[in-house]
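Scroll down for the structure; my scribbles are underneath it.
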Amino acid sequence: MANLNSSEDIDYGILDTLVGYKLRRAQVNIFNDFSEHCSRFGITPGLFGVLSIVERNPGLTQTAIANALGNDRSAMVSVVDRLESMNIVERKPSVSDRRINALFLTKHGENFYKELVAEVLNHEASFTSLLKDGAKDLIIDILDRIATHKPSKV
């Protein structure tokens, strides 16, 4: 009988052959490590995604950012509120429609983001160091294809 106190002794059956299951396990491990690296910043992977889009695309609306990241639009309000309360992001009226807010990094946010990226790259290196040459590009290509695949409905 397996020692059920140790995951090493558990037979995972079909789970060990499923891409989705392996992706989820890898994601949990990577997110946990991200949290360890970035907890002092108060930033989660989701907040980092928003910051990265705002940094590279100043002036986008919350809706455009939510769509770019595949996030729920309604969740963006609390995300932006949090980043705004940290003085990292600011809302300004959109140039094309002053009724809509566009997002920008604050001066503090620009410096904060640079520091944060350095830590995120340290986190990333802890995983990419496990890979052989060229494997990172291959994994990113495969994940991009999986992320954009639209399965046919049966």
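Some points to look at:
- Subset of the range 28-45 [without any contact (Cβ under 8 Å) to a residue 60 or more places away in the chain and in contact with a Pro (Cβ under 9 Å, 6 or more places away or on another chain)]: Phe31, Ser35
- Of the helices (runs of 4 or more DSSP H) lying entirely inside the range 53-154, those containing at least 2 residues that are among the small types (Gly, Ala, Ser) and either touching a strand residue (DSSP E or B) at 6+ places or on another chain (Cβ under 6 Å) or closer than 30 Å to Leu18 by Cβ (or both) span 62-69, 107-128, 135-148.
- For Ile88, the conditions (1) over 16 Å from the mean Cα position of the chain (by Cα); (2) surrounded by fewer than 16 Cβ atoms within 10 Å (Cβ to Cβ) are fulfilled apart from (2).
Every read-out reported here was derived from the displayed coordinates using simple, explicitly stated rules and does not represent laboratory data. The model shown is predicted, which means the values in this text are computed figures rather than measured ones. Here the Cβ is made from the backbone with ideal geometry for all residues, glycine too, and neighbour counts use every protein chain on show.
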